[in-house]
Amino acid sequence: MNFTDATHKSENDKRVFLNASKNVNGKTSLMAKEFFDGLSYQQVNLADYDIPQIGKGRGEYEKVWKQVKNADVLLIGTPIYWSDVSGYLKTFMDHLDVSDDLNGADFYVIAQGMAIDQSEAVHTIYGSLSHFASRFGMNFIGIASTEGEVAQLSEKLQ
Ligand SMILES: Cc1cc2nc3c(=O)[nH]c(=O)nc-3n(C[C@H](O)[C@H](O)[C@H](O)COP(=O)(O)O)c2cc1C
C-alpha cells in the first residue's frame, strides 16, 4: 500500500491510539507501540468502556470521544474480525457526530489478523475508514497490516 505524507511531526502534537482490540495488551497494542517508536502517546482502549449498540443509549461514548477529539495524530488499531474492523470499533463509529474536532489531523490505521494475505480485509476496511477520514477532514496516511508495513507507516510520523 502507498502511504500519504504526514503533516504533523511536532514534539508537542497530541498523539492518540484508539485500541479497538478486546485485548488491552494484545498484538494490536504491541504494533501500535512499534508504530510510535518511542514517541509519547495516549492509549484509549475501547474494551475499557461500555458503549452499547446505537439505539440503546450512549453509554460511555462521550468519555472516549473526549480523549480522542483534538488529536493531531490519531492511530486506530483494530484486529481483523471476519475480514473487517472489530465490533468495538464499528459500534464506536456508529455513535460519531461529525464535527471539526479532528479537522486536519493525520490519521493512521493498523489492522492486523492471523491470515497471511489481508488484501481483501484491508480493501474493506479502507472503504469505511477513508469515509470516516473525509467526513472529519483528516489526512488519511494509510493502513498497515504487517510488521513491515507498520515500520514503513511509522517512518511517515518521524
Ligand atoms: C471473532 C474473531 C474473528 C476473527 N476473524 C479474523 C479474520 O477474518 N481474518 C484474520 O486474519 N484473523 C481473524 N481473527 C484473528 C485476529 O485478528 C488475530 O488473532 C489478531 O491478532 C488479534 O489481535 P489482538 O491480539 O489485538 O486481540 C479473528 C479473531 C476473532 C476473535
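Among S83, S119, S130, whose mean-square fluctuation peaks in a Gaussian network model of the chain (Cα, cutoff 10 Å)?
Largest GNM mean-square fluctuation: S119.
Size of the dipole of the chain about the Cα centre, Lys and Arg at +1 and Asp and Glu at -1 on the beta carbon, nothing else charged, in debye to 20? Before the final figure, lay out the partial values.
Values: 14 positive and 21 negative charges, 78 e Å.
Here the chain has a charge dipole of around 380 debye.
By the scheme Lys and Arg +1, Asp and Glu -1, what is the net charge of all other residues having a beta-carbon under 11 Å from that of S154? Before the final figure, lay out each step's value.
On the way: positive: K33, K156; negative: E34, D37, E147, E149, E155.
After counting each charged neighbour, the total is -3.
Which listed residue (M138, A115, Q53) has the Cα farthest towards the positive end of the charge dipole for the chain, taking +1 on Lys and Arg C-beta and -1 on Asp and Glu C-beta about the Cα centre?
Value computed over the given set: Q53.
Gap in Å between the Cα centre of segment 115-158 and the Cα centre of segment 16-77?
So the separation of the two Cα centres works out to 16 Å.
Fewest Cβ neighbours within 10 Å first, please rank R15, R58 accordingly. Numbers along the way, then the final one.
Details: R15 19, R58 12.
Arranged by neighbour count, lowest to highest, R15, R58 become R58, R15.
Going through the cross-link list K22/K63; K63/K156; K27/K156; K9/K90; K33/K56, which pairs have a Cα-Cα distance over 26 Å in this structure? Intermediate values should be presented prior to the final figure.
Values: K22/K63 18 Å; K63/K156 29 Å; K27/K156 21 Å; K9/K90 28 Å; K33/K56 34 Å.
Flagged as over cut-off: K63/K156; K9/K90; K33/K56.
Along the charge dipole of the chain, which of W82, G127, L153 sits closest to the positive end, that is, farthest toward it, with unit charges on the beta carbon of Lys, Arg, Asp and Glu (+1, +1, -1, -1)?
W82
Note down the relative contact order for segment 23-107 as a percent, whole number, built from C-alpha pairs under 8 angstrom at least six residues apart.
Details: 64 pairs, mean separation 26.5, N = 85.
Once normalised by length, the contact order is 31 percent.
In debye, nearest 20: dipole of segment 52-145 around its Cα centre with unit charges on the Cβ of K, R (+) and D, E (-)?
Details: 7 positive and 11 negative charges, 55 e Å.
Roughly 260 debye for segment 52-145.
For the chain, build the charge dipole from Cβ charges (+1 Lys, Arg; -1 Asp, Glu) around the Cα centre, then report which of N23, A6, A71 sits farthest towards its positive end.
Working it through, the farthest residue towards the positive pole turns out to be N23.
Looking at segment 50-146, which GluC sites (Glu not before Pro) are DSSP coil and have at most 12 other C-beta atoms within 10 Å of their C-beta?
Details: sites: E60, E62, E120; in loops: E60.
Answer by residue number: there is no such site.
Let me have the relative contact order for segment 15-157, percent, based on Cα pairs under 8 Å that are six or more residues apart. Write down the numbers at each step before the final one.
Details: 244 pairs, mean separation 38.2, N = 143.
Result for segment 15-157 is 27 percent.
Every number here is computed from the coordinates shown, using simple stated rules; none is lab data. All figures in this text were calculated on a predicted structure; none of them were measured in a lab. Positions of Cβ are generated from backbone atoms using ideal geometry, with glycine treated the same way; all protein chains shown enter the neighbour counts.
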